[in-house]
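Enquirer: Sharing a structure with you now.
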Amino acid sequence: MNPAPLTAPQDGLAFIKGHGTLNDFVILPDDNAEVDLDENLVRALCDRRAGIGADGVLRIATAGALVERGVLTVLPEGVDDDDWFMDYRNADGSTAEMCGNGVRVFAHALVSTGRAGVGRIPIGTRSGPRPAEILEHDGNHAVVRVDMGEPGLLGVSSVDLGGRVYAGLAVDMGNPHLACIVPGLGAAALRDLPVHEAPVYDTGFFPGGVNVEIATPLTDGRVSMRVHERGSGETMSCGTGIVATAVAALADAGEAMGEVVVEVPGGEIEVSLTEGGSALTGPSAIVAEGWFRRSGATPRPEASRSEL
Ligand SMILES: N[C@@H](CCC[C@H](N)C(=O)O)C(=O)O
């Protein structure tokens, strides 16, 4: 008997799987925004046991199509109708304004699917334009630099993570962050902290939730960081959180600008902070493509929800 070759199933949703320093994404090429990307579908795609598994979903669509379909109410300032737009969703189905690792992988996917050429690529996000430049490209691997815009300094706050309270700098990277530089913390001790536990933060300060970074102080231009992301739990890397951490680590050292290498469990990323701007440079990998069978998606029993 000849086994049937793989063909697109009738209810198949084409996907690409990629990651940036192990912050992983299901990428949905959906230029005209035809897919009804509701919370249940996002959760099913991101489910690490019953789905493909990812920290988030990146839908590729034009900004104009997302407005036409009502996914966006208005175009963010500086984003044009024809721009590719990164419609980002967290693993729990919530929407976020920005994802720094996501923009690198998104730009890489645009190039590898022929939607853009290498060079500077305009990319729209809910927090405005985040142009990316492919610095190296070798099929499934790329090095991408993203213009991350000007970090906003919001003040100081604190968070309880695993029973210990940390003070941090609140940084707006389009999405909210609390970057906590812990005096005397070394990389080995950071590895032992219970960053997977749900952070207890000031909901008055962060009414829409917050991403929490715990990091070592700046030493020779480097810091180590771990992150608990809003809507995804602990991840191996977070691009916006990496820039927020660089801002906080430099501030802690009495500086406002400079270059910082941030080590995360998933690898290393370079951050450049300049007058009124920031950039993130790091790798992207594309590892798979295929079809997600929508009718095969299995709702999770309530008892297993904490794993999402
Ligand atoms: N992993 C991302 C950030 C994704 C969004 C975040 N969880 C939020 O809800 O704000 C990154 O690389 O920046």
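The values are calculated or read from the model by the stated rules, or taken from the named source; none is laboratory data. The structure presented is a predicted model; accordingly, all values stated were derived computationally and were not measured. Quick reminder, even Gly has a Cβ in these numbers, built from the backbone with ideal geometry, and neighbours come from all protein chains shown. Protein only, heavy atoms only, side chains kept; ligands, DNA and RNA dropped before computing areas. Shrake-Rupley method; radii C 1.70, N 1.55, O 1.52, S 1.80 Å.
Enquirer: Could you check what % of the DSSP bridge pairs in the chain are antiparallel, to the nearest 5? Provide the component values of the computation, followed by the final result.
Expert: Details: 73 of 88 bridges.
Given both bridge residues lie in the chain, the antiparallel proportion sits at roughly 85 percent.
Enquirer: Relative contact order of the chain: what whole-number percent is it, with Cα pairs under 8 angstrom and at least 6 residues apart?
Expert: Result for the chain is 20 percent.
Enquirer: List, in order, the whole-Hz ³J(HN,Hα) value for each residue of the range 59-71 obtained from phi through the Karplus relation with A = 6.51, B = -1.76, C = 1.60 and θ = phi - 60°; use x for Gly and Pro.
Expert: The phi angles translate into 8, 8, 8, 7, 4, x, 5, 5, 6, 4, 7, x, 6 Hz.
Enquirer: Taking the range 223-277, which GluC sites (Glu not before Pro) meet the DSSP loop condition and have no more than 14 other C-beta atoms within 10 Å?
Expert: Numbers: sites: E229, E234, E255, E259, E263, E268, E270, E275; in loops: E255, E275.
Answer by residue number: E255, E275.
Enquirer: A further question on this structure: Take V118 and N140, extend 7 Å from each Cα along the Cα→Cβ direction, and tell me the distance between the two endpoints in nm.
Expert: 1.9 nm
Enquirer: I've got another one for you. For every other residue with a beta carbon closer than 11 angstrom to the beta carbon of D11, add +1 if it is Lys or Arg and -1 if Asp or Glu, then tell me the sum.
Expert: So the surrounding residues net to +2.
Enquirer: Pairing the Cα long axis of helix 100-112 with the longest principal axis of the chain, what angle in degrees results, from 0 to 90 and rounded to the nearest 10?
Expert: 30 degrees
Enquirer: Sort H108, H228 by heavy-atom solvent-accessible area, probe 1.4 angstrom, most to least. Display every interim value, and only then the final one.
Expert: Details: H108 0, H228 20 Å².
If we order H108, H228 from most to least accessible, we get H228, H108.
Enquirer: Starting from the amide H of D202, placed 1.01 Å from N in the peptide plane, find each other amide H under 5 Å away whose residue is 5 or more places distant or on another chain.
Expert: Amide H to amide H, under 5 Å and 5 or more residues apart or across chains, D202 pairs with S158.
Enquirer: Computing the accessible area with a 1.4 Å probe over protein heavy atoms, can you report the carbon and sulfur percentage for the chain? Walk me through the intermediate numbers first.
Expert: On the way: 6740 of 13710 Å².
It is 49 percent, rounded to a whole number.
Enquirer: Compute the long axis of helix 239-252 from its Cα atoms, compare it with the longest principal axis of the Cα atoms of the chain, and write down the angle in degrees, 0 to 90, nearest 10.
Expert: The angle comes out near 10 degrees.
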